[in-house]
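Scroll down for the structure; my scribbles are underneath it.
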Amino acid sequence: MALSAGDLLSALEAEAAKIGLAHGAPPLTAEQLSEFAREGFLVIDTPQISQRDIEWSRHILMSLISRGAGRKDGRGSDLSARDGDVEGTTPQLYRPSLYAPELAKWSFRKVGLAIAKQLLGPDATLSGDNCILKPCRIGGPTPWHQDEAHNDPKTYEEQVTIWIALFDTTPANGAMAFIPRSHLRGVLPHRAYGGAEGANAIECCGDFDPQDAKVCPIPAGGITIHHGLTIHGALANKSDSPRLGYIFNYKNPPKPRPELGTFPWNTEVGKSIRERRRAWLLHGGIFIDLWRYSRSDPDNLRHFIRQVLRRFKH
Ligand SMILES: O=C(O)CCC(=O)C(=O)O
């Protein structure tokens, strides 16, 4: 029996509705919005992404990581390193869509942005993508931290993060974990992970109890969403299944805020990565980067320009 165009459209809409993408409908419900406002994070444990797209993005990100994309230009690093190592046990690549521009055209970007605008308001834009792999058995922990502790303390850029699981996540392979309601407490003190000279990541050393954490396993294609002030982290991968997160950060435009002092932890971490990046940019990498940005998402380019301008201002 032949299907009419109308039948086909209804069938597609029914499928889309099942995964929260009904035509024109905002992705998050009123209940989800109030849960996020109350708890500082949200877990959507039904796949939001088709199996085909999971495999497609997983393949691209795994290939970028395995060929060491971003290592020499200071965008690839080992998240759990404490000795300045770049090629350690927990590979992370900032802005993978600059290395594989097809990622910038992925349809989920539209859904992600719609979610961010529901949470942050109409001015929210994508500030960057990121991916973190915890390989079987060796993937290291993600230290507890607040994303906004990475930002410039002189301005306030409210932010949210969408974390997409590209393999099933479990408590044993490093599912994301959140401290409920910690987004209501402002930026807490941080330090270099483990207080180590060669750490690449920051860790929250403020007053909070890791026992309060809610560990949030989700299947591949599921997502977690957290506010930039929510304390979060993840355990090491002790299992036989890999754990890969594709991460989108969204920000509101910066607003001046009362002087918060400095965030000294940001100069304490990632020293070897910054040196590598500087050397690469000065040796002509800047032109490669400009070319990469020019073929990428306009939001990526906007944030790059904003960062450069800020560096000149300070
Ligand atoms: O994937 C991880 O382990 C950490 C991700 C994270 O910290 C983030 O998305 O803000």
### Task
Using +1 at the Cβ of each Lys and Arg and -1 at the Cβ of each Asp and Glu in the chain, identify which of Tyr293, Gln92, Ala104 lies farthest towards the dipole's positive end.
Tyr293
### Message
Between Pro217, Pro189, Pro264, where does the largest GNM mean-square fluctuation fall for the chain, given springs only between Cα atoms within less than 10 Å?
### Response
Pro264
### Query
If you build a Gaussian network model of the chain, linking Cα atoms that sit under 10 Å apart, which residue out of Asp207, Asp78, Asp152 swings the most?
Asp207
### Query
Just from its helices, what would the mean residue ellipticity at 222 nm be for the chain, if runs of 4 or more DSSP H residues each count -39500 (n - 2.57) and the sum is divided by every residue, rounded to the nearest 500 deg cm²/dmol?
-9000 deg cm²/dmol
### Around Gly88: net Lys/Arg minus Asp/Glu count, Cβ-Cβ under 12 Å
-1
### Task
Compare the peptides 107-114, 158-165 by average per-residue count of other Cβ atoms within 10 angstrom and give them in order, highest first.
158-165, 107-114
### Task
Identify the trypsin sites (Lys or Arg not before Pro) of segment 217-314 meeting these criteria: DSSP loop state and at most 13 other C-beta atoms within 10 Å of the C-beta.
Arg295
### Query
Out of residues 5 or more away from Lys214 or on other chains, whose amide H comes under 5 Å of its own, with H placed 1.01 Å from N in the peptide plane?
Phe178, Ile179
### Query
With point charges of +1 on the Cβ of Lys and Arg and -1 on the Cβ of Asp and Glu, referenced to the Cα centre of segment 5-313, which listed residue (Gln118, Gly186, Met62) lies farthest in the positive direction of the dipole?
Met62
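How big is the charge dipole of the chain about its Cα centre, in debye rounded to the nearest 20, if each Lys and Arg gets +1 on its Cβ and each Asp and Glu gets -1 on its Cβ? Walk me through the numbers on the way to the answer.
Numbers: 38 positive and 35 negative charges, 217 e Å.
It comes to approximately 1040 debye.
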#### Entry: segment 228-300-segment 152-181 distance, computed between alpha-carbon centres (Å)
14 Å
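Please tell me the relative contact order of segment 5-313 in percent, rounded to the nearest whole number, where contacts are Cα pairs under 8 Å and at least six residues apart. Walk me through the intermediate numbers first.
Values: 653 pairs, mean separation 81.1, N = 309.
In percent, rounded to a whole number, it is 26.
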### Task
Name the shape class, rounded, prolate or oblate, that the alpha-carbon gyration tensor gives for segment 5-313, where a ≥ b ≥ c are the square roots of its eigenvalues, rounded holds for a/c under 1.5, and otherwise prolate holds if a/b is larger than b/c and oblate otherwise.
rounded
#### Entry: J(HN,Hα) series, segment 197-211, from Karplus relation 6.51 cos²θ - 1.76 cosθ + 1.60, nearest Hz, glycine and proline x
3, x, 6, 9, 10, 8, 9, 6, 10, x, 8, 7, 10, x, 5
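Would you mind working out the magnitude of the charge dipole of segment 119-176 relative to its Cα centre, with +1 at each Lys and Arg C-beta and -1 at each Asp and Glu C-beta, to the nearest 20 Debye?
Working: 3 positive and 8 negative charges, 84 e Å.
About 400 debye.
Any read-out appearing in this document is the output of simple, stated calculations on the displayed coordinates, not a laboratory observation. Just so it is clear, the structure is predicted and the values come from calculations on it, not from any experiment. So basically every Cβ, Gly included, is an ideal-geometry build from the backbone, and we count neighbours across all protein chains shown.
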